[in-house]
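Below is one structure, written out as structure tokens, with a few remarks after it.
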Amino acid sequence: MIIQSHGLSCVSISAKPVAGDVSVVLDPYDNSTGLRFPRTLSADVVFSSRKGPEHGNLAGVQGSPFAIEVPGEYEVKGIMLDARVAKLKDNSEHMILRVSAEGMTIGFMGGLDRAPSEKELELLEGVDILVLPVGGGSVMTPKIAVETIQKVEPRVVVPVYYKEENVKEKLEALSAFKKELGPVDEEETVKYKITKSNLPQDKMLLVVLKR
């Protein structure tokens, strides 16, 4: 499995669940955010956690992807996806997602702007990799992100949606999240390649994805 970041909370997951590659793109944004969305990014599945330019540019993803826009359990080319409602603080629509492939599970918090409830944490129970926003502003703060990590206890944490050059929204830097998290093993990479056999066993790993 390969996980890559494309800015804000947009990540892509490439896996081989049965035969051949299957790609999933999560939370594609549009150029009004200040970042330029990659024009050649294609997928078999696309998911949007919430409407709006920061998370909901489904049309920007190339190919003819299966779009997950409502809650439910889905299977696409051997990848299992479970989308659940997790409304924002103002009660507007938002979803979180669990992705299962190659014997591993990924929890994706999308653009959630608060701590997850006990019911929402049930979807994330036992996930190996947790992808969550950490920059404050319209998403959860570094403090709430760390509290969420402590409850979920994933083996790998991938922070997204923090201050980047050209992003118009005022967000906190990744360093603020790292300070809140404290010292942990860290890996910085453009493409995070992971198999079930080499998941961290004893210590949590922080993976910083560079665009």
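The values are calculated or read from the model by the stated rules, or taken from the named source; none is laboratory data. Nothing here was measured: the structure is a model prediction, and the numbers come from that model. Glycine also receives a Cβ, built like all others from the backbone with ideal geometry; neighbour counts cover every protein chain displayed. Calculation scope for accessible area: heavy atoms of the full protein, side chains included, ligands and nucleic acids excluded. Shrake-Rupley method; radii C 1.70, N 1.55, O 1.52, S 1.80 Å.
One table, with the values for the structure above:
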read-out: Wholly enclosed strands (runs of 3 or more DSSP E) of the stretch 9-62 bearing at least 1 residues among the aliphatic types (A, V, I, L, M), closer than 18 Å to Y162 by Cα and out of contact with any Gly (no Cβ under 9 Å at 6 or more places or on another chain); value: 11-15
read-out: Test: residue in the stretch 60-71 that is among the aliphatic types (A, V, I, L, M), without any contact (Cβ under 8 Å) to a residue 40 or more places away in the chain and buried (at least 19 other Cβ atoms within 10 Å of the Cβ); value: yes
read-out: Answer from V157, V167 - the residue that is in a loop (DSSP other than H, G, I, E, B) and among the aliphatic types (A, V, I, L, M); value: V167
read-out: Residue within the stretch 101-120 that is more than 24 Å from G7 (Cβ to Cβ), small (G, A, S), out of contact with any strand residue (DSSP E or B) (no Cβ under 9 Å at 6 or more places or on another chain) and without any contact (Cβ under 8 Å) to a residue 40 or more places away in the chain present; value: yes
read-out: Breaking point among (1) open to solvent by 50 Å² or more (accessible area, probe 1.4 Å); (2) farther than 18 Å from L209 by Cα; (3) not basic (K, R), for G136; value: (1)
read-out: Given (1) open to solvent by 100 Å² or more (accessible area, probe 1.4 Å); (2) under 17 Å from V127 (Cβ atoms), index of the condition Y192 fails; value: (1)
read-out: Qualifying residue in the stretch 159-168 (condition: more than 18 Å from M109 (Cα to Cα), open to solvent by 40 Å² or more (accessible area, probe 1.4 Å) and among the β-branched types (V, I, T)); value: no
read-out: Tabulated pairs, the stretch 183-194, first touching a residue at least 12 places away in the same chain (Cβ under 8 Å) and among the acidic types (D, E), second surrounded by 12 or more Cβ atoms within 10 Å (Cβ to Cβ) and outside any loop (DSSP other than H, G, I, E, B), C-beta under 6 angstrom, 6+ apart or interchain; value: D185/L205; E186/L206; E187/V207; E188/V208
read-out: Test result for E75, within 17 Å of S14 (Cα to Cα), surrounded by fewer than 18 Cβ atoms within 10 Å (Cβ to Cβ), acidic (D, E) and in contact with a strand residue (DSSP E or B) (Cβ under 7 Å, 6 or more places away or on another chain); value: no
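Quick grid of which residues meet (1) among the hydroxyl-bearing types (S, T, Y); (2) surrounded by 17 or more Cβ atoms within 10 Å (Cβ to Cβ); (3) not in a strand (DSSP E or B):
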site	(1), (2), (3)
M80	no, no, no
A83	no, yes, no
D90	no, no, yes
V99	no, yes, no
G110	no, yes, yes
L121	no, no, yes
Q150	no, no, yes
